[in-house]
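The structure appears right after this line, and notes come after that.
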Amino acid sequence: MKMVMAVVKPFKLDEVREALAAIGVQGLTVTEVKGFGRQKGHTELYRGAEYVVDFLPKVKIEAAVDDGVVERVIEAIEASARTGKIGDGKVFVTSLEQVVRIRTGETGNAAL
């Protein structure tokens, strides 16, 4: 089992969710986060004053998936979140040692 985490632009959330649903990913956790990478923020003008926005709004999507679908999940996220511009985001994959469904006590892939 793997945990796939993707940090993408907020307006791409619906497209990513639909792409993951199309390949059978059933559960997602979405968190609104802020951060920066190579784009390092930008300056904005508010009521005549210029200020720097260091951390840009992003959305972090987390999905626990079976080992067999990890590559398809990554490809779906890449295809649906890509704009071709800086700041499109990243995908991280980590191993899950154990998963337990609290309601039923199921473990492993059955808990997904």
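The values are calculated or read from the model by the stated rules, or taken from the named source; none is laboratory data. Please read these numbers as outputs of a predicted model, since none were measured by experiment. Cβ placement follows ideal geometry from the backbone for every residue including glycine, while neighbour counts extend to all protein chains displayed. Please note that ligands, DNA and RNA were not included when accessible areas were found on the heavy atoms of the full protein model with its side chains. Shrake-Rupley method; radii C 1.70, N 1.55, O 1.52, S 1.80 Å.
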Test: residue in the stretch 100-109 that is of a type in the set (A, V, I, L, M, F, W, C) and either surrounded by 14 or more Cβ atoms within 10 Å (Cβ to Cβ) or in a helix (DSSP H, G or I) (or both) | no
Which members of the stretch 47-65 meet the condition of being acidic (Asp, Glu), in contact (Cβ under 8 Å) with a residue 12 or more places away in the chain, part of a strand (DSSP E or B) and open to solvent by 50 Å² or more (accessible area, probe 1.4 Å)?
-> none
Quick one: residue 22 ticks every box in (1) farther than 27 Å from residue 109 by Cα; (2) open to solvent by 30 Å² or more (accessible area, probe 1.4 Å); (3) hydrophobic (A, V, I, L, M, F, W, C) except a single one, so which number is it?
-> (1)
